[in-house]
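The values are calculated or read from the model by the stated rules, or taken from the named source; none is laboratory data. Note that the coordinates shown come from a computational prediction; the quantities given were computed from them, not determined experimentally. FYI the Cβ positions are ideal-geometry reconstructions off the backbone, even for glycines, and counts take in every protein chain you see. For the accessible areas, the whole protein counts, side chains as well, though only heavy atoms, and no ligand, DNA or RNA atoms are used. Shrake-Rupley method; radii C 1.70, N 1.55, O 1.52, S 1.80 Å.
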Amino acid sequence: MAHVGGCLCGQIRFSIDAEPLGARMCWCRDCQRIASGSATVNVLFPEDAITISGEIGTIGRIADSGNRVERGFCPKCGAQIYSKTVEPAGMPVRIRAGVLDDPELMAPQAIIWTESAPSWAPLDPGLPQYPKGLPPGR
Ligand SMILES: [Zn+2]
Ligand SMILES: [Zn+2]
């Protein structure tokens, strides 16, 4: 069964024809800026399994990792939909957990970029924590 979701105003809907590859929280500074001060929570899927309908806005940036990352959002309501690594290619797309119709789909399994988190960040001690991104291949 496909996993589905959409933005706050509803003009973007997406469908994902694959099971999640993983899930994590990211406290990098870019994520704090787009997630209102908190971490983003991301569920990973293979890019070719994702179909998006509606008008999507994108912003390309060099991430703290040095990778070239594209973030997709709704230009109407501002909801963040995904981030994907454009360079290097081949990494899973990170769908923002909050825009899945079922945010229970997969709980975060790791916390990344903890060195950028503010001192008050509620970091779950039960999860593996990485000061920066995960090592390549994880
Ligand atoms: Zn919207
Ligand atoms: Zn991040």
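Per residue, the convex hull around the alpha carbon atoms of the stretch 1-127 comes to 103 Å³. Entry comment: accessible area of the stretch 1-100 is 48 Å² per residue, from protein heavy atoms only and a probe of 1.4 Å.
The modelled label-to-label distance between Leu105 and Leu21, using points 7 Å beyond Cα along the C-beta direction, is 1.4 nm.
Please identify the GluC sites (Glu not before Pro) of the stretch 52-138 that satisfy two criteria: DSSP loop assignment and at most 14 other Cβ atoms within 10 Å. Which are they? For GluC sites (Glu not before Pro) across the stretch 52-138 that sit outside H, G, I, E and B with at most 14 neighbouring Cβ atoms in 10 Å, the list reads Glu55, Glu104. How charged is the neighbourhood of Ile81? Take every other residue with its Cβ under 14 Å from the Cβ of Ile81, and add Lys/Arg as +1 and Asp/Glu as -1. Net charge around Ile81: +2.
For every helix of n ≥ 4 consecutive DSSP H residues, a contribution of -39,500 (n - 2.57) applies; sum these over the chain, divide by its total residues, and give [θ] at 222 nm rounded to the nearest 500 deg cm²/dmol. Working shown, then result.
Values: 1 runs with 6 residues, N = 138.
Theoretical 222 nm ellipticity from helices: -1000 deg cm²/dmol.
Each label was represented as a point 7 Å from its Cα along the Cα-to-Cβ direction; for Glu87 and Asn67 these points are 1.5 nm apart. Between the residues Gly126, Ile111, Ser53, the greatest Cα displacement towards the positive end of the dipole of the chain, with unit charges on the Cβ of Lys, Arg, Asp and Glu, is found for Ile111. In this simple spin-label approximation, Arg33 and Cys9 carry label points 7 Å from Cα along the Cα→Cβ vector, and these lie 2.2 nm apart.
Ligands, DNA and RNA aside, Ser65 has an accessible area near 60 Å² when probed at 1.4 Å.
Residues whose amide H lies under 5 Å from that of Gly22, counting only those 5 or more places away or on a different chain, are Leu44; hydrogens are built 1.01 Å from N in the peptide plane. Run the dipole for the chain about the Cα centre, Lys and Arg Cβ at +1, Asp and Glu Cβ at -1, nothing else charged, and hand back the magnitude in debye, nearest 20. Once rounded to the nearest 20, the dipole reads 440 debye. The largest accessible area among Val99, Val4 belongs to the first residue in Val4, Val99, and the rest follow in falling order (1.4 Å probe, all chains). Select from Ala89, Ala97, Ala39 the residue whose mean-square fluctuation is largest in a Gaussian network model of the chain (Cα-Cα springs shorter than 10 Å). Result: Ala89 has the largest fluctuation of those listed.
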